[in-house]
Protein chains: 2
Amino acid sequence: MADPQSSPPPEGTGPSKNELKRQEKAKKAAEKAALKAAKDEEAAAQKAATEVDFAAQFYGPSPLHQSQTRTGEKRVQISSLSDLDGESVIFRARVQTSRAQGNKMVFLNLRQRTDSVQALVIVTPEKISKQMVKWSAGIADESIVLVHGVVKKTSTPINSTSVQDVEVHVSQLFLISGIDGRLPFSLEDASRPDSEETAAEADAEGRQFSRVLLETRLNNRVVDLRTPVNQAVFKLQAAIGDLFREFLSGRGFTEIHSPKLQGAATESGASVFKVSYFKGSAFLAQSPQLAKQMAIAADFERVYEIGPVFRAEDSNTHRHMTEFMGLDLEMTIEEHYHEVMELLDDLFLTMFRGLRGKFSQEIATVGKQFPAEEFTWREKEQGGTLKLTFREAIDLLVEDGVSREVLDDINTENEKRLGRIVKAKYQTDYFIIDKFPLALRPFYTMPDPEDPTLSNSYDFFMRGEEILSGAQRIHDPAFLMEKMRSKGVDPDSMKPYVDAFRMGCAPHGGGGIGLERVLMLFLKLNNIRRASLFPRDPKRLDP
Amino acid sequence: MADPQSSPPPEGTGPSKNELKRQEKAKKAAEKAALKAAKDEEAAAQKAATEVDFAAQFYGPSPLHQSQTRTGEKRVQISSLSDLDGESVIFRARVQTSRAQGNKMVFLNLRQRTDSVQALVIVTPEKISKQMVKWSAGIADESIVLVHGVVKKTSTPINSTSVQDVEVHVSQLFLISGIDGRLPFSLEDASRPDSEETAAEADAEGRQFSRVLLETRLNNRVVDLRTPVNQAVFKLQAAIGDLFREFLSGRGFTEIHSPKLQGAATESGASVFKVSYFKGSAFLAQSPQLAKQMAIAADFERVYEIGPVFRAEDSNTHRHMTEFMGLDLEMTIEEHYHEVMELLDDLFLTMFRGLRGKFSQEIATVGKQFPAEEFTWREKEQGGTLKLTFREAIDLLVEDGVSREVLDDINTENEKRLGRIVKAKYQTDYFIIDKFPLALRPFYTMPDPEDPTLSNSYDFFMRGEEILSGAQRIHDPAFLMEKMRSKGVDPDSMKPYVDAFRMGCAPHGGGGIGLERVLMLFLKLNNIRRASLFPRDPKRLDP
């Protein structure tokens, strides 16, 4: 049976203006007709209600699922239905939409994650009653149902579902979990393209497309996360973690788990959260920096950690959160800290290739809502990753018109500008800046061997935003203490850390990657909160 | 050249009493001789010091490693040396011990993680001076050195190192990182078997074996972690994580990262850490319970998380920490919560098999210090995992003599007793207890469909200690609120959580595993702190 919805789904490349107008008219006409039909049917329905319902046991709300029985009956996935033409199937699904056609037929759009299929409930003598059709039509969007039905090939492809060549003719339909109250927004609205052009275009046409604000989404994150785009975003988030681990496991790294509760406010006292700890206080780790270096002093040679890091910074920007996932690594070096920098570069190229290679469908899904130029990097045959020194980066900015006087550091604005300059000149969204001024780096950073104002440290950038910071670290305790004092840090406040180097430690370096930043910038999500399942910022601790 | 140490290393199955006595005598004699030789040599050495040292550029402390140069010279691993007979090699290593023989030769035991090799510095005309030998003999244990040398086959196997068929004849030796102060304990002492029998035996012999207390180890964790046993323990810890992820990835689970900072003190208010959060307060998550259930309501279907969990319990026991790693999972269920319980059982069997299969060497290493009966479980052909109901477990305890009156719950002592009963009766260290009384479980636990005093919940046990707790959860918001109120929890205090179920949620269940507990019990480490890199308890926040 053909698709009952005259309009294509809002996901997709989007219809033209004229088509949208036509669809809008058609929709209104259909609604008017439906209203009239509904009135006509009311009397009939009232009559029907008094009749005995022969289908009563085939539909309705299920009793609360408490694992009453276990028949072992097979449940199928919507994604497999195309292969099951003619077969009787049972499956659990969410009702994306339901739409009655007259009082004898209901079209359901049923969803499992990003897969969807059309189902029909049609009045059939001795099988499906009018009452059952009516009840089916009344199921609220986003309810969860258990469906029994038969799979049938369709004559024409269905545009509004991911499974397009078959539909399900329902024989039994039970409500597993309903909706209590109103949905905060429809998934249709939540899936509209997030571009200003679209908004402007819609306004010009005088149409009212509801668009869902980020704040509203985050307040109702559980519903928001159900959109195809968010399902894809978090599949990609998991993929980045997998690629990170896979790369490092293959290179002799051991995964570690370091404590987030710390005895002292370390690294930088200003931005650390304080915890009530029995009769005293503890502090939340701002990174696994100290622990991972201590693991090197403990002979682990190469370690990585994936874990939360906490920053008590009152920064309410598109790229700051108070809690985010750190992908951290640390390794001994033989001759030169570029051994680490190059391994990190390899790691990123492997992640980029892995995402592009295995998740092109998810990237395309996200691109429909967040249009972006495809993320670019330079492979070996294109000269490899661009590596600038800090001085070279400054020169590029000065050439572009920025005053050298303000360039002691590169602020966020100039970072973005540099990203644009580099993109235009070198055709890459990904590059490295090496040799940062020592004054800009933490006390544990190893100074350059020749110029004491510089350091053996680097940042990595994606689309003009920093996503990794790393360096060679100081492994000599006396030199470390000297540098701590020069930065106003009391070595006694970090005694266990300093002591680790007293017992002999190999030269080492590493880096820390912000998982959500990589995800945000690879996909150009424009706000880091979209890359976090339940984001935390100075104003948000819920949900 | 033969092994200079007459005694075998302290690691290993351990020598007999008589042999130990003989070794002790031999050692004392050798020390006496060495003392005399040292005196004799002093004058000679003083003379030598005034001579020109032709080897001056071949040894000594390196300048601080600041990545001065990058020659690309190949560095090798100690583990590969057996294949490099006759070749010149360069490698970085830790000096486990150094031992002079007269003033012309020094034996070094060099280590990389768990690999070790013997190296010799021998006076050689125009190549190795007396001064170089003397300096080499004075290198402190646990220093890190850069070694240049030639690999040579030995005539007899060397017992004191892991590489036994070759040794390294040193041509150049540089100190990369020395020891500042005294080692808190020797790795030899830290590697002695941790059994009361050994201690008693040592006392009976009147010998003084230094044994290192856990407290001392943890205070100096960086040195403690260098022992072969600890290197193995944390390789196994990483392996458990890998096996967990691999199993779940293959079954359609998505990794998630949920926030540890929470807006409300949830689950159970008593044992939650409070955090100063800008002008207000936050709380540290006691588990990802709420977030992972919300991910199910958000259609993720199957999720897992590996992350820290925080418990503000003032429990100073062998098995409690204030921060530990949770291996959590949650999944939708079709017909019955046993779908989850059986998947978790499969997961554990897969982990046990994976550890036994791929890490037998590491398990054996740990067993030398922590002797234990090998961990046992029942494979399918032995009837599969033992699954008892709570009632059956109680009956077993009553049969064994425990008074039924005290068995409303099973306390720690009776848990252990049950473990012993089960081991004797069913020959397994691993079993499941299902159908716990509802009163013993959290408010979100689904009651049994027939007996409202019971619940659809289970615990998993290893060697008589709980390592997993899980259940079917309540997915109906009205029923959930009713249960919250009955347990004294205000539903409004957890509004975002309750709201998630208002928007439709599939029936689901899951469980949470304590990583360190699994590691501790599989290896029988006897104290959970040994299974944590840097453990945290009510009295320990450092290192």
- Residue-by-residue Karplus 3J(HN,Hα) for the stretch A:92-105, coefficients 6.51, -1.76, 1.60, Hz, glycine and proline x: 9, 7, 8, 7, 6, 8, 10, 8, 7, 10, x, 10, 10, 8
- Task: Rounded to the nearest 10 degrees, what's the angle between the helix B:360-369 long axis and the longest principal axis of chain B, both from Cα atoms, 0 to 90?
- Result: 80 degrees
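Average partner chain C-beta neighbours within 10 Å, per residue of B:63-74?
So the per-residue partner count for this stretch is 6.
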- Note on the structure: Each residue of B:347-357 has, on average, a number of other protein chain C-beta atoms within 10 Å of its C-beta equal to 0
- Query: Which chain B residue puts its Cβ closest to the axis that rotates B onto A, and at what distance in whole Å?
  - Reply: B:VAL275, 3
- Message: List, shortest first and in nm to one decimal, how far the label point of B:GLU51 (7 Å from Cα along Cα→Cβ) is from its counterparts in the other copies.
- Response: 11.8
- Query: Of the cross-linked pairs B:LYS32/B:LYS130; B:LYS36/B:LYS130; B:LYS153/B:LYS368, which ones have a Cα-Cα span greater than 27 Å in the structure shown?
  - Reply: B:LYS153/B:LYS368
- Note on the structure: Per the C-alpha gyration tensor (a ≥ b ≥ c, the square roots of its eigenvalues), the stretch A:314-370 is rounded if a/c is under 1.5, else prolate if a/b beats b/c, else oblate; here it's oblate
- Query: By its C-alpha gyration tensor, with a ≥ b ≥ c as the square roots of the eigenvalues, how is the stretch B:495-543 shaped: rounded for a/c under 1.5, else prolate for a/b larger than b/c, else oblate?
  - Reply: oblate
- Which of rounded, prolate, oblate describes the stretch A:225-379, given a ≥ b ≥ c as roots of the alpha-carbon gyration tensor eigenvalues and a/c under 1.5 marking rounded, otherwise prolate only if a/b is larger than b/c? oblate
- Message: Could you tell me which residue out of B:GLY509, B:GLN57, B:GLN382 lies farthest along the dipole of chain B toward its positive end? Charges go on the beta carbon: Lys and Arg +1, Asp and Glu -1, centred on the Cα centre.
- Response: B:GLN57
- Note on the structure: In degrees, nearest 10, the alpha-carbon axis of helix A:477-486 is tilted away from the dominant principal axis of the alpha carbons of chain A by 80 degrees
- Label geometry 7 Å along the beta-carbon vector: A:LYS25 inter-copy distances in nm: 11.3
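Quick check on the protein assembly as shown: of the DSSP beta bridges with both residues there, what percent are antiparallel, nearest 5%?
On the way: 151 of 175 bridges.
Taking every DSSP beta bridge with both residues in the protein assembly as shown, the antiparallel ones total about 85 percent.
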- Please report how far the C-alpha centroid of the stretch B:55-122 lies from that of the stretch B:420-484, rounded to the nearest whole angstrom. 56 Å
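Determine the dipole magnitude for the protein assembly as shown: charges of +1 sit on the beta-carbon of Lys and Arg, -1 on that of Asp and Glu, nothing else is charged, the reference point is the Cα centre, and the result goes in debye to the nearest 20.
Working: 142 positive and 158 negative charges, 70 e Å.
Dipole magnitude for the protein assembly as shown comes out near 340 debye.
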- Message: Students often forget the sequence filter, so: which lysines lie under 29 Å Cα-Cα from A:LYS279 once same-chain residues fewer than 8 apart are removed?
- Response: A:LYS260, A:LYS292, A:LYS495, A:LYS539, B:LYS260, B:LYS274, B:LYS279, B:LYS487, B:LYS539
- Item | In Hz, Karplus ³J(HN,Hα) per residue of the stretch A:410-423 (6.51, -1.76, 1.60; θ = phi - 60°; x = Gly, Pro) | 10, 7, 4, 4, 6, 4, 5, 4, 4, x, 5, 4, 4, 4
- Message: Name the residue from A:GLY354, A:SER88, A:VAL406 whose Cα lies farthest towards the positive end of the charge dipole of the protein assembly as shown, charges +1 on Cβ of Lys and Arg and -1 on Cβ of Asp and Glu.
- Response: A:VAL406
- Task: Output ³J(HN,Hα) for the stretch B:373-389: one whole-Hz value per residue in order, computed from phi by the Karplus curve 6.51 cos²θ - 1.76 cosθ + 1.60 with θ = phi - 60°, and x for Gly and Pro.
- Result: 4, 4, 5, 10, 9, 9, 7, 3, 5, 9, x, x, 4, 5, 10, 9, 7
- Query: Which lysines, on any chain, are close to A:LYS387 with Cα under 25 Å apart, when same-chain ones fewer than 8 places away are left out?
  - Reply: A:LYS416, A:LYS423, A:LYS425, A:LYS435, A:LYS524, B:LYS74
- Packing-ranked peptide list from B:247-257, A:324-334, highest mean Cβ count within 10 angstrom first, is A:324-334, B:247-257
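Taking each residue in B:453-462, count the Cβ atoms of any other chain within 10 Å of its Cβ, then average. What number comes out? Intermediate values should be presented prior to the final figure.
Values: counts 0, 0, 1, 2, 0, 0, 0, 0, 0, 0.
Mean shielding count: 0.
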- Query: What residue among B:ALA312, A:ILE240, B:LEU329 has its Cα farthest toward the positive end of the dipole of the protein assembly as shown, where the charges are +1 on Lys, Arg and -1 on Asp, Glu, each on the Cβ?
  - Reply: B:ALA312
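Go ahead and estimate [θ] at 222 nm for chain B from helices alone: -39,500 (n - 2.57) per DSSP H run with n ≥ 4, summed, over the residue count, rounded to 500. Present the calculation step by step, with values, prior to reporting the outcome.
Numbers: 15 runs with 179 residues, N = 543.
Estimated from H runs of four or more residues: -10000 deg cm²/dmol.
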- About the Cα centre of chain B, how large is the charge dipole given +1 on each Lys and Arg Cβ and -1 on each Asp and Glu Cβ? Please answer in debye to the nearest 20. 2280 debye
- Task: Let me know the charge dipole size of the stretch B:341-418 about its Cα centre in debye, to the nearest 20, where only the beta-carbon of Lys, Arg (+1) and Asp, Glu (-1) is charged.
- Result: 460 debye
- Within straight cross-link reach of A:LYS127, meaning Cα distance under 18 Å, which lysines are found once same-chain residues fewer than 8 apart are removed? A:LYS104, A:LYS152
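Any read-out appearing in this document is the output of simple, stated calculations on the displayed coordinates, not a laboratory observation. Nothing here was measured: the structure is a model prediction, and the numbers come from that model. No Cβ is skipped: glycine too gets one built from the backbone with ideal geometry, and neighbour counts run over all protein chains shown.
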